[in-house]
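Here the structure comes first, spelled out in structure tokens, and everything after it is commentary.
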């Protein structure tokens, strides 16, 4: 597969940033009025906030590059739901996968694109709600009703990104196990 250099860099930044966010979410502790936090819990929460702000920038740039045509298959690759032809490809691939027929990623990418699109939407929603919380929460953790609603959305969506990352890694391992080395192209940051 061919990817532009900016898409490769953004993919690396997203992979690192989202992984860091998931790891931090296991050890951080959000401030709440009257609740004490250890220095480590406060530090990891602060890092989570700043990495989240960086990720929203990376995600916006990622979407803008796709809209500007820097993605090999365009935005429709991520959102096949709006095209009869693309939905048909999804159905064909689903049947192939149910029969354990795994083709090269270049030939069988409709499901992968749809899952990537959903993952990017979830990541963007997490980044947006996290940014709203960052700017709307007081230092002691006090939140308005609106900010608490954003936090509820944020915490409800968080397990979905865990699932997405798990599926993403598992699919990559299956493809590598099948000898499909072309999936590694996204990690080659230097041009050959």
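Ordering 5-13, 31-39 by mean Cβ neighbour count within 10 Å, with the highest value first, yields 5-13, 31-39. Could you tell me the distance between the Cα centroids of segment 142-159 and segment 18-70, to the nearest Å? Each part's Cα centre sits 14 Å from the other's. Shape class of the chain from the Cα gyration tensor (axes a ≥ b ≥ c, square roots of the eigenvalues): prolate, since a/c reaches 1.5 or more and a/b is larger than b/c. Judged by the gyration tensor of its Cα atoms, with axes a ≥ b ≥ c, segment 21-113 is prolate; a/c meets the 1.5 cut and a/b is the larger of a/b and b/c.
Since every read-out is calculated from the coordinates, none of them should be taken as a lab result. It should be emphasised that the depicted structure is a prediction, and the values quoted were computed from it without experimental measurement. Note that each Cβ is placed from the backbone with ideal geometry, even for glycine, and that neighbours are counted across all protein chains shown.
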